[in-house]
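What follows is a short report on a single structure.
What follows draws every value from the coordinates through simple rules; no lab data is involved. As the structure is a prediction and not an experimental result, all values here were calculated from the model. All Cβ positions, glycine included, derive from the backbone under ideal geometry; neighbour counts span all protein chains shown.
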Amino acid sequence: MKKLRTCLLCCAVAVIVCSGARDIEKKTFSWCGVVHAQDDWRNEFDDVCSRTQDAMIFSPDELRNLIARCDKLKPRVEKLDETQRKVFLKRLQLCRDLFLFVLESKEKK
Amino acid sequence: MKRTFYIALLVLVIAGVTSAQTGVKKKRPLPYEYGRVVISNYSEKAGLAPVVFDHWLHRAKFTCRLCHVDIGFAMKAGATGIKASDNMNGYYCGSCHNGKKAFDDKIVFDTCSKAPEAQTRCLRCHSLGKNVKAGYDFSKFTENLPRGRFGNGVDWEHAEVDGLIKPLDFLEGISIKRQSLTVQKDFALGTKLEGMPDIIFSHKKHTVWNGCELCHPEIFVGVKKGTTKYSMTEIFEGKYCGVCHTSVAFPLIDCQRCHTKAVQ
């Protein structure tokens with residue numbers, strides 16, 4: 001019984017430490033498995049939209065995948081508060097439009 | 001008497017026809033006014049004067065991309081629909097104007113704050129028709145920058161190349177860390193008029209200020225050369241190059257800045 005209590009206490013401490021560490025370095029500490037839904041959409045957004053710089057070098061399949069990721073992210077952004085929704089929907093649309101634009105121009109060639 | 005009447009009538013008809021063809025001549029803005037945007041989505045309803053935004057100061061410090069992509073300002077005045085609450089939440093103007101961020105060793109004043117001491121600051125932005133002393137003086141700010149013929153009277157491109165201005169392209173907490181942009185090739189755009197030099201479009205010059213997504217596909221839909229036929233009429237109406245080059249970037253009357261290819 002005492003062992004079980006100690007074990008549970010250790011787990012609780014580990015969870016608290018992990019979530020604290022994740023706040024310090026949001027992007028690198030995903031290993032502990034404590035996923036903050038609030039940051040999750042932002043990480044995905046940053047990852048997808050950071051690729052606009054390389055849009056011209058992606059293959060059509062890679063571009064299609066990026067467009068699909070934008071579409072998947074959109075409903076999550078729509079659930080944010082009014083200001084964030086307005087800002088990030090526009091930013092997401094800019095990314096998606098660029099990927100689609102490059103894809104279409106590649107397919108026309 | 002009859003003759004005088006007919007002459008007067010003729011003069012009136014000619015004047016009418018001329019003005020109908022040319023319209024009312026638009027007043028060319030003064031150097032410090034060029035790029036000015038007046039925003040009045042909600043200001044007047046809230047009992048405040050509309051916001052006067054001067055591009056010259058902001059464009060000297062930040063890239064177009066930072067504000068129009070990362071922060072999310074629309075390219076058309078008033079299209080963003082900025083609310084005071086947006087600024088208070090740290091977005092749009094509030095991305096920098098939060099009383100915490102510092103530029104040029106100055107803390108940037110916060111916008112739309114509810115703090116009682118901040119009420120007097122409303123006029124810093126909500127200044128249309130008000131006699132407000134700006135934080136930066138245009139003449140003093142631009143005195144050492146290379147001269148341009150039109151627009152702000154400043155050659156911003158050379159100012160950036162010469163390192164006299166260093167526009168920021170990243171804002172912590174707002175921008176995404178990215179690799180530097182692979183610059184696409186420059187290309188020539190043929191003109192219809194005989195003797196008119198072709199346009200050399202420099203991707204390199206444009207990508208200093210803009211990312212890909214600022215121009216494509218919203219402003220330039222066709223990527224394949226020759227797909228879109230550009231006309232100066234449309235450009236002067238604010239389409240294509242005219243989105244920026246009628247309002248903020250050097251104006252279209254500075255023909256030689258674009259029509260640069262030597263005539264064969």
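Which order do B:Ile235, B:Ile107 fall in if you start with the one that has the fewest other Cβ atoms within 10 Å?
The order, fewest Cβ neighbours first, is B:Ile107, B:Ile235.
Could you work out the relative contact order of region B:29-111? I mean the mean sequence separation of Cα pairs under 8 Å and 6+ apart, divided by the number of residues, in percent.
Contact order relative to length: 19 percent.
What aspartates and glutamates sit close enough to B:Lys100 to cross-link, taking a C-alpha to C-alpha distance under 20 Å and skipping anything fewer than 8 places away on the same chain?
B:Asp70, B:Asp86, B:Asp110, B:Glu117, B:Asp169, B:Glu172
Test of the criteria: in region A:37-109, which chymotrypsin sites (Phe, Trp or Tyr not before Pro) are in a DSSP loop and have at most 13 other Cβ atoms within 10 angstrom of their Cβ? Walk me through the intermediate numbers first.
Details: sites: A:Trp41, A:Phe45, A:Phe58, A:Phe88, A:Phe99, A:Phe101; in loops: A:Phe58.
When the chymotrypsin sites (Phe, Trp or Tyr not before Pro) of region A:37-109 are filtered for loop state and at most 13 Cβ neighbours within 10 Å, nothing remains.
For Cα pairs less than 8 Å apart in space and 6+ apart in sequence, what is the mean separation divided by the residue count of chain B, i.e. the relative contact order in percent?
Worked out over chain B, it gives 18 percent.
Send over the Kirkwood Rh of region B:33-179, from the inverse of the averaged 1/r over different Cα pairs, rounded to one decimal Å.
Details: mean 1/r = 0.0609 Å⁻¹.
In region B:33-179 this quantity evaluates to 16.4 Å.
So which of B:Lys45/B:Lys83; A:Lys106/B:Lys229; A:Lys86/B:Lys76 end up more than 18 Å apart by C-alpha?
A:Lys106/B:Lys229
What does the average come to when, for each residue of peptide A:85-93, you count the partner chain Cβ atoms lying within 10 Å of its Cβ?
4
Given Cα positions, please report Rg to Rh for region A:37-108, the hydrodynamic radius being the Kirkwood one.
Ratio value, two decimals: 1.00.
Return the loop-located GluC sites (Glu not before Pro) in region B:128-174 (DSSP other than H, G, I, E, B) with at most 10 other Cβ atoms within 10 Å of their own Cβ; answer none if there are none.
Here the GluC sites (Glu not before Pro) that fit, given the DSSP loop and packing criteria, are B:Glu143, B:Glu172.
Cα atoms only, chain B: Rg and Dmax in Å?
Taking only Cα atoms of chain B, I get Rg and Dmax of 22.2, 80 Å.
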